[in-house]
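Take a look at the structure below.
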Amino acid sequence: MNWPVRNQKPKVIKLFSAVCDLDRYATEMEMLATCLQSIDEQAQLLNELGGSPSEYEQLRIRHASVLRKLRHVEIMISLASQRLSEAKAPVNTTTPQLGERLLLLVLTKEERVNIPGDLAEEYVEIAEKHGKRFAKMWYYKQVAASAWPLIRKALRWGMLASIAEWIRRAV
Amino acid sequence: MSEPKDYLGHFEEIVLLAVLRLGENAYGAKIRQTVAEAKERDVSIGAIYATLDRLERKGYLKSWQGEATPERGGRAKRYFRAEGAGVQALNETNAARNRLANGLDFGLACAGGIL
C-alpha cells in the first residue's frame, strides 16, 4: 500500500528552509516533522508485517490531525514557493524604448554610450526594488529633466566651436 | 596682485565632491546617486553630465571609458577622476565661503532682518 507520509521529514524540512527564514515557525515544523517520522515508522512496520487495509486506515484516523496539518503545510509551502519563484524571476532589463529614443535625440555621439547605460543600470535597480511601473516613471522623468541641460550644453559648446572656427579662418 | 582664481558654482562643487568621495568608482550613475543623496532630492543624469563635461573642460576632471556590463545593456561606463586643479578650486571656493561667512550669525541675521 502506498503510504502518503513516507519519508516526508527531510522533504518538509528542506522545503520549509527554502521558502521561509522565520525562526518562529521552526520549532512547530520540527515537531510536525517528528510526528510524521513516527507515523512513517509505524507505516513501515505495518508494511513489513503485511498490514491489512483496515490497519492502515486505523493509523490514518489516529493521526488525522497530523496529516491535516501536513496538508496545510504542503499548501503553505506550495504558495510560498510560488511567491519565491516570482520574486526571483529576473526583471526585464529593457529600458522604455520611447524614452530611450527621446533621450538619444538630445545626446551627442560620445554621450550615446554612457548616459543610456547609466540610466539602464539604475532602471534595473529601481525595477527590482520598487517595481517596473515605478522604474518606468522614473526613467521618463529622468529623460524629461535631462533634456534641457544637455541641449544647453550642446548649444553652448557648439556656439563656442563656431566662434573659434570663425576666428581661425579670419586669422 | 595674485593671478585670478576660478571659483566653482554650487552644483559644480557638489559634483566634484561626489567624484572625490567615490574615488575609483566614480561614474555617471553612482555620481548621480551620491549627489541626489547629498541634496536629498532627485537629480537628472543630464545635469550631472553637463556639469561633469564643464569641469572636464576646465581641467578639473579627467575621464576615460570603462567596462560594459550586461545590466547596462552592454554599454560602457565613463569614469571620472578629480585632478589637482579641481581640488585646488574646491579649496579656494571653500576658503572664499569661509571668509564671507566668518563672524556671521545666520539665525540672528534672519531674525533681525525679517521680524
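Structure notes:
- The single condition among (1) in contact with a helix residue (DSSP H, G or I) (Cβ under 8 Å, 6 or more places away or on another chain); (2) more than 7 Å from chain B (Cβ to nearest Cβ); (3) surrounded by fewer than 18 Cβ atoms within 10 Å (Cβ to Cβ) that A:L105 does not meet is (1).
- Residues of the range B:34-50 that are assigned to a helix (DSSP H, G or I), of a type outside the set (F, W, Y) and surrounded by 17 or more Cβ atoms within 10 Å (Cβ to Cβ): B:T34, B:V35, B:I45, B:G46, B:A47, B:I48, B:A50.
- Single unsatisfied condition, B:G66 versus (1) at pLDDT below 95; (2) in contact with a helix residue (DSSP H, G or I) (Cβ under 8 Å, 6 or more places away or on another chain): (2)
- Verdict on A:T95 being outside any helix (DSSP H, G or I), under 21 Å from B:V43 (Cβ atoms), at pLDDT below 90 and over 25 Å from the mean Cα position of the chain (by Cα): no
- Filtered residues of the range B:51-63 (kept if surrounded by fewer than 14 Cβ atoms within 10 Å (Cβ to Cβ) and within 11 Å of chain A (Cβ to nearest Cβ)): B:R57
- Checked against the criteria, B:Y49 does not count as over 18 Å from B:A95 (Cα atoms), touching a residue at least 40 places away in the same chain (Cβ under 8 Å) and of a type in the set (F, W, Y).
- Single unsatisfied condition, B:H10 versus (1) more than 8 Å from every other protein chain (Cβ to nearest Cβ); (2) in contact with a strand residue (DSSP E or B) (Cβ under 7 Å, 6 or more places away or on another chain): (2)
- Scan of the range B:69-84 for residues that are more than 14 Å from the chain's Cα centre (by Cα), surrounded by 14 or more Cβ atoms within 10 Å (Cβ to Cβ) and either more than 20 Å from A:K153 (Cβ to Cβ) or at the interface with chain A (Cβ under 9 Å from one of its Cβ atoms) (or both), ordered by number: B:T69, B:E71, B:R72, B:G73, B:R75, B:A76, B:K77, B:R78
The values are calculated or read from the model by the stated rules, or taken from the named source; none is laboratory data. None of the values given here were measured: they were computed from a predicted structure. Ideal geometry is used to build each Cβ from the backbone, glycine not excepted, and the neighbour counts take in all protein chains shown.
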